[in-house]
Amino acid sequence: MFAHRVEVTIPKNGHLYLEALPFAMGEKVEVIILKQPASVFNEKTVSFAQAAKKFQGCIKKAPVDLSVNSDYLEGFGE
């Protein structure tokens, strides 16, 4: 089964035209129309740093980085 996907916006007149399809004339095809969820277009993106902001500074007495723990780096680069 060969599938062809295209995304379009329904125009004001409500007519949807399928042009330049990769199928031969007279070939039977099945057409399924799915509405895109509104959140796909309206969802605000947030970076990891923004999402984790409330956790910044909540761990006390932690090492600056893992390199201060010699056990962590044991065997590294061998």
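In region 34-58, of all residues being among the hydrophobic types (A, V, I, L, M, F, W, C) and modelled with pLDDT of 80 or more, the one that is farthest from residue 10 (Cα to Cα) corresponds to 58. Going by the conditions given, is residue 24 under 30 Å from the mean Cα position of the chain (by Cα) and of a type in the set (A, V, I, L, M, F, W, C)? Answer is no for this residue.
Might you check whether a residue that is among the β-branched types (Val, Ile, Thr), modelled with pLDDT under 75 and either out of contact with any helix residue (DSSP H, G or I) (no Cβ under 9 Å at 6 or more places or on another chain) or not in a loop (DSSP other than H, G, I, E, B) (or both) occurs anywhere in region 63-70? Yes.
The values are calculated or read from the model by the stated rules, or taken from the named source; none is laboratory data. None of these values were measured; they are calculated from a predicted model. No Cβ is skipped: glycine too gets one built from the backbone with ideal geometry, and neighbour counts run over all protein chains shown.
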